[in-house]
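Have a look at the structure below, then the notes.
Just so you know, all these numbers are worked out from the coordinates, no wet-lab data involved. This one's a predicted model, so the numbers in the text were calculated from it and none came from an experiment. Note that each Cβ is placed from the backbone with ideal geometry, even for glycine, and that neighbours are counted across all protein chains shown.
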Amino acid sequence: MGYYYKRLKELRNDNDYTQKYIAEYLNIRQEYYSKYELGKIEIPAHMIKQLALLYHVSSDYILELSDEERKILQYPVPDNKK
């Protein structure tokens, strides 16, 4: 397992999020998310994608395949009033 779990904590702290908030965002228990940050269990790919969207960074950055944050653009929310 890589050391990307350190980056999970780094991103969360940089954005002033709590583990509880991230766990709710991912629809899991806080205790389970804590294990991702501690490197005790692997985080699933679909959750890495969700976190990349939340933090506006690439999944490569989260996985420490790159040290370049490369902020991703937010996708506009479609207007359903049309």
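What ranking of Ile62, Ile48, Ile41 emerges when the number of other C-beta atoms within 10 Å of each C-beta is taken as an exposure proxy, fewest first?
Fewest-to-most ranking of Ile62, Ile48, Ile41: Ile41, Ile48, Ile62.
I need the shape label for segment 4-62. Rule: rounded when a/c is under 1.5, else prolate if a/b > b/c, else oblate, with a, b, c from the alpha carbon gyration tensor.
Cα axes put segment 4-62 in the rounded bin.
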